[in-house]
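Notes for the one structure printed next.
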Amino acid sequence: MNLSMKYVILYVTDFEKSMKFYRDQLGLKVKMQQGTYVEFDTGPTTLSMNTREFVQELIGLDMPQTDAPQSFEVGFTVENVEDTIEKLRSAGVSVLKEPTVKPWGQTVAYVTDPDGHYIEICTAM
């Protein structure tokens with residue numbers, strides 16, 4: 001078996017608010033949108049989002065409601081974490097952790113989206 005990560009789908013509460021966050025504040029380009037499903041161009045792995053209600057209707061699986069979206073994080077690599085964090089802060093993005101150099105040499109910072117998903121902004125390893 002040879003698995004290859006192609007996309008991740010975030011389940012969001014307020015589609016319009018989340019769409020504007022990822023498109024306008026993070027600056028991600030929309031690859032395609034169909035109703036409350038959208039795909040953003042993020043390189044080889046696509047970041048998608050949809051509402052729990054639409055997913056449940058579409059695939060027929062229960063979508064648990066949760067107040068704890070931090071069961072995972074989304075990570076984006078950038079050339080300069082400090083500059084990126086300042087641009088995001090200026091765009092109104094909530095910064096959770098300021099840029100920090102980890103013992104392995106990677107610079108890492110955290111922001112959050114409207115649903116509370118953690119977003120790591122970091123240098124490549």
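Taking the options S48, S4, S18, name whichever one is out of contact with any strand residue (DSSP E or B) (no Cβ under 9 Å at 6 or more places or on another chain) and of a type in the set (S, T, N, Q). Walk me through it before giving the result.
Values: S48 fails: out of contact with any strand residue (DSSP E or B) (no Cβ under 9 Å at 6 or more places or on another chain); S18 fails: out of contact with any strand residue (DSSP E or B) (no Cβ under 9 Å at 6 or more places or on another chain).
Criteria check complete, one pass: S4.
Quick check, is S18 of a type in the set (G, A, S) and assigned to a helix (DSSP H, G or I)? Yes: the conditions hold for S18. For region 31-50, taking the residues that are over 13 Å from the mean Cα position of the chain (by Cα) and assigned to a strand (DSSP E or B), the one that is surrounded by the most Cβ atoms within 10 Å (Cβ to Cβ) is identified as Y37.
Residue-by-condition table, conditions (1) surrounded by 12 or more Cβ atoms within 10 Å (Cβ to Cβ); (2) modelled with pLDDT under 90:
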| site | (1), (2) |
| --- | --- |
| Y11 | yes, yes |
| D24 | no, no |
| R52 | yes, yes |
| G60 | no, yes |
| Q65 | no, yes |
| A68 | no, yes |
| E82 | yes, no |
| Q106 | yes, no |
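For P103, the conditions (1) of a type outside the set (D, E); (2) on the phi > 0 side of the Ramachandran plot; (3) without any contact (Cβ under 8 Å) to a residue 24 or more places away in the chain all hold with the exception of (2).
The values are calculated or read from the model by the stated rules, or taken from the named source; none is laboratory data. Predicted, not measured: the structure shown is a model, and the values here were computed from it. Ideal geometry is used to build each Cβ from the backbone, glycine not excepted, and the neighbour counts take in all protein chains shown.
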